[in-house]
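Written out below as structure tokens is the structure these notes cover.
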Amino acid sequence: MSEQQIALITGASSGIGLAAAEALAASGRKVLLADINREAGEAAAERIGGDFFQADLSTRTGCKALTDAVLSKYGQCDILINNAGIQHVAPIEEFPEEKWDFIIGLMLTAPFLLTKYLWPGMKGRSWGRVININSVHGLRASEFKVAYVSAKHGLTGLTKTAALEGGAHGITVNSICPAYVRTPLVDGQIDAQAKTHHVPREEVISNIMLKKAAVKRLIEPSEVGDLVVYLCSDSAACITGTMLTIDCGWTAN
């Protein structure tokens with residue numbers, strides 16, 4: 001393993017992915033930001049001293065091309081943060097089938113493929129960290145989010161299985177399960193939820209997003225980024241196969 005650890009973060013041009021990249025860069029890792037958005041991704045990478053890879057992770061070829069490019073340039077990847085994702089809100093009978101395929105591909109198949117492709121290197125070096133940015137929707141369900149909830153529940157299973165296989169090889173695999181984080185993705189959900197539930201935008205936050213929370217506020221992306229850094233530390237070497245919640249008490253219900 002090189003002296004400086006190499007960390008690959010998907011969906012890293014904004015939100016939780018960017019916060020994770022910033023936190024890992026500040027902790028001394030070399031960060032590789034992957035995103036479909038080249039302009040935002042390159043700007044973020046330049047600002048934090050990282051490297052940017054444009055990638056369409058909704059396809060198998062896109063996932064393979066990304067890992068091939070990373071390994072060709074750096075020779076290894078020690079930390080994988082599977083974060084890329086989108087949301088679509090609609091009742092089951094109105095949910096577009098092509099949107100289902102896209103969300104499952106991006107949010108479940110891509111994490112599996114990236115883990116699969118980078119796993120042999122981690123195994124060979126007897127050290128690795130895979131962190132899946134999951135959601136409380138990987139533990140609980142909400143209406144009108146059938147593809148998102150299904151993908152996140154699948155990510156929970158992937159996390160547990162990979163953790164069992166990686167333990168003997170120094171690889172830990174964990175999920176971080178936040179409730180609503182102050183990100184562009186969540187901001188975009190507010191209008192969609194308002195339309196679906198036929199309520200004003202401000203009521204979506206107070207009466208839907210924060211209804212089950214004990215702490216009545218949105219989570220900051222940096223709070224998730226800090227947990228990412230901890231899970232990559234030696235202090236977290238025995239934490240694996242877990243779904244760590246940052247949910248303001250949501251799952252305490």
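The values are calculated or read from the model by the stated rules, or taken from the named source; none is laboratory data. Keep in mind that this is a model prediction, so the values were computed, not measured. Note that we place each Cβ from the backbone using ideal geometry, even for glycine, and neighbour counts take in every protein chain shown.
Overview of values
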read-out: Residue among D35, D68 that alone is more than 20 Å from L227 (Cα to Cα) and crowded, with 18+ Cβ neighbours inside 10 Å; value: D35
read-out: Residue within the stretch 37-51 that is of a type outside the set (D, E) and within 26 Å of T156 (Cβ to Cβ) present; value: no
read-out: Pairs with Cβ under 9 Å, 6+ apart, first in the stretch 100-127 and more than 24 Å from A90 (Cα to Cα) and at pLDDT 95 or above, second basic (K, R) and surrounded by fewer than 18 Cβ atoms within 10 Å (Cβ to Cβ); value: L113/R60; L113/K64; Y117/K64
read-out: Helices (runs of 4 or more DSSP H) within the stretch 11-120 that include 2 or more residues touching a Cys at 6+ places or on another chain (Cβ under 9 Å); value: 60-74
read-out: Verdict on A236 being surrounded by 19 or more Cβ atoms within 10 Å (Cβ to Cβ), farther than 30 Å from I92 by Cα and either at pLDDT below 95 or not β-branched (V, I, T) (or both); value: no
